[in-house]
1. Quick one: which residues, 5+ away or cross-chain, put their amide H under 5 Å from the amide H of residue A:212? H built at 1.01 Å from N.
2. Most mobile of A:171, A:41, A:209 per a Gaussian network model of chain A (Cα springs, under 10 Å)?
3. Report the paramagnetic label zone for residue B:136: residues of the stretch B:156-179 whose backbone N is under 17 Å from a point 7 Å from Cα along the Cα-to-Cβ axis.
4. How many nm is it between the label spots at residue B:85 and residue B:149, if each spot is 7 Å from the Cα in line with the beta carbon?
5. Using R₀ = 35 Å, calculate the FRET efficiency as 1/(1 + (r/R₀)^6) where r is the Cβ-Cβ separation of residue B:44 and residue B:97; round to 0.05.
6. For the stretch A:30-66, list residues with backbone N below 17 Å from a point placed 7 Å from the Cα of residue A:177 toward its Cβ?
7. Given only helices, namely DSSP H runs of n ≥ 4 each adding -39500 (n - 2.57), what is the per-residue ellipticity at 222 nm of the protein assembly as shown, to the nearest 500 deg cm²/dmol?
8. What is the count of Lys pairs in the protein assembly as shown whose alpha carbons sit under 17 Å apart, if the two are 8 or more places apart or on different chains?
Amino acid sequence: MPLAGEFGQVEVRIAQKTFTSVSGERFEVLRDLKFKLGHHQVAALVGPSGCGKTTILRIIAGLETDFEGTITGALPGKLGMVFQEPRLLPWRTVEDNVSLVAPEITREALASLFRDLDLEAHRLHYPGELSLGLARRVALARALAIEPTLLLLDEPLVSLDEALAVRLRDQLAALIESRPITTLLVTHDLEEAVRLADRIFLLSPRPAQVIAEIPLTAPRSARSEREVARIVSEVAHRMTNSAFRPAHA
Amino acid sequence: MVRLLSLLLFLATWWLISQFVQPQMLPGPERVLSAIAAQMRSGDIFFQLGVTLARVLAAFTIAMAAGTAIGLLMGRVKLADRLGDPWLIVLLNLPALVIIVLAFIWGGLTEIAGVLAVAINKLPNTVVTVREGARALDSGLDEMARVFALSRRKYMWHVVFPQLGPYLAAAGRSGLSLVWKIVLIVELLGRPNGIGFQIGVAFQLFDVTLILAYALAFVAVILVIETAVVQPIERRASRWRIRTS
């Protein structure tokens, strides 16, 4: 159950989350997972495949309610989410997909959002006419159109070619920078995490918990290629060293 | 063009066969057309067509509305599906004639009983088709609607019904043809007017020309509805598919 917290602040405390397989076997995905996001902070969750990163986002978004714990600050209606798949309505135009979730958005704000994401030429297109990269940008526009206090991004750049991923990542960074939004990003791409986040939470294998919190103090725009490479290498090292073993083994 | 050719071929075949059969058994197209013209001049056919059409529309609307609601419920809620499935099987296998006769016995030879009998006959087909559509709804779009806190009305109108569109169109198309056939039986058995009643009278007089005249006139009306109403709605609803294909 989401609880109201300090404006823009999110606190996640998940004592346990289990799933039951088709054969009836219960397996624990998350245990004693805790972290806090400050107002206007961008955090990245990184960890091994299948450790439960997306499950954490789904719990925060209210899509998974069967768990032990509390989520504070993720208020319905003020929460924007970009899923791994764009999840656009194929029978509505780009503009209609965005305005459906944000009926109060002004024409000027919508135009500005489309301009920021290079979507002006595609306003009247249907999702089936868009490439994956464009559809992702529309999904991002939809999430931002509601002026969320919390933005959840689930692998927003996955499956895009490198050049497109870099372009979208830069657009994403600029948009986050210019808006008072607390953002939680799930990614398997360390460089993406280092370039976008203010803080990285390293997760253990299942049952996942936060095993390290890495603050990135330099402003995003000031992070040089060398600095990014150094941090990526450091995070990768921490992921593979002995500390990165099942926390409950 | 191909459709017109096909229609002309049908008329030619009919005319050819009628040349070898007694006119009382199978009159040629020209005799049937002149019978239709005579009925049109008297104005009677318009009244009978209007009455039957009104019953078709009433029964169709009731069956589609109730069938869509029940089908959606059964497709989305497991308990409702388990509870409703045996009823559905019974209704699907109950002969139309039994439902009509029972409706007239229990409800009297009234308009309401007749229309309800037709609607109940059509109902299970709509439920089955819409239930399949509801089972195939995209759970990803459901989650999107939940995350963005879409209102119930917006969710149904913009997320659910567009996905059900092809299923509703299939139920509507098959429903229209089924409903009008059952309406004729209802009129034959228990109404004092309509195309079915007129066909019953013609049957007693062994007047095949009149039977074919009324049947053809009604088929023509249904074809006009299909072409002028159903197909444009279908095209409009699937605009996004055409553009993306």
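1. Distant-sequence amide H within range of residue A:212: A:202.
2. Result: A:171 has the largest fluctuation of those listed.
3. Residues B:159-175 fall inside that zone.
4. 3.8
5. 0.80
6. It comes to A:40-43, nothing else.
7. It comes out at -18000 deg cm²/dmol, rounded to the nearest 500.
8. Within the protein assembly as shown, the lysine pair count is 5.
No lab work stands behind these numbers, since they all come straight from the coordinates. Not measured: the values here are computed from a predicted model. Cβ sites come from the backbone with ideal geometry, for glycine too, and all protein chains shown count toward neighbours.
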